[in-house]
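Below is one structure; the comments refer to it alone.
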Amino acid sequence: MLRMRLIYLFFLMLMSFAALQAQDFSVAPLSDSLFARMLGRSYPEGCTVPRSDLRHVRVLHVDAKGKVHKGELVCNKAIAQDLLEIFRQLYQARYPIEKIRLIDDYDADDEQSMRDNNTSSFCYRTVSGTKKLSKHALGMAVDINTRYNPWVRKGTD
């Protein structure tokens, strides 16, 4: 009888852990409160990307010291499930990611976010020096640990 209770308790613990992880790794449409945080920042007036094309991704990540953190980013719905799985695998592999915060926490200032080594995705902007929308403007690009993985332009000699 005691053995059955222990097995049952162990099973409940596993189920609770799985339920917590399901909450910690999620994809959802943008809530009204999240969209309000983005308006005038990463989602400026005149943004041509429909809100319905964007998703709020929540993940767990491990920093360089091994501490677990909750992170969030906004990306295009076309890549949201793939990103969720990639970040889940990075978490399971204990790959260090310093920060995963919405770029709106930096007033949508890409340079400020990168200096803070933040990992982010959607930010409506053009490619520097052009009128062409960047992949970030579409929510189709992600920068991870920007201080350690800088963008490098090839063939500009």
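The values are calculated or read from the model by the stated rules, or taken from the named source; none is laboratory data. Everything numeric in this text was worked out from a predicted model, so none of it was measured. All accessible areas refer to the heavy atoms of the entire protein, side chains included, with ligands and DNA or RNA removed. Shrake-Rupley method; radii C 1.70, N 1.55, O 1.52, S 1.80 Å.
Here are some notes:
- Cross-link partners for residue 70 among the aspartates and glutamates, with Cα-Cα distance under 12 Å and sequence neighbours closer than 8 places in the same chain left out: 24, 98.
- Full-stretch length increase - residue 107, residue 28 - with 0.36 nm per residue and alpha-carbon distance subtracted: 26.2 nm
- Scaled against 2.2 N^0.38 Å for its residue count N, the alpha carbon radius of gyration of the range 110-149 is 1.13.
- Gained length - residue 130 relative to residue 77, 0.36 nm times residue gap less alpha-carbon distance: 16.5 nm
- When the residues 142, 68, 49 are ordered by accessible surface, computed with a 1.4 Å probe over the protein chains alone, the sequence from largest down reads 68, 142, 49.
- Theoretical gain in end-to-end length, residue 86 to residue 69 [0.36 nm per residue, Cα-Cα removed]: 4.5 nm
- Proximal aspartates and glutamates relative to residue 135, as straight alpha-carbon distance under 15 Å, when same-chain residues fewer than 8 apart are discounted: 53, 110, 143
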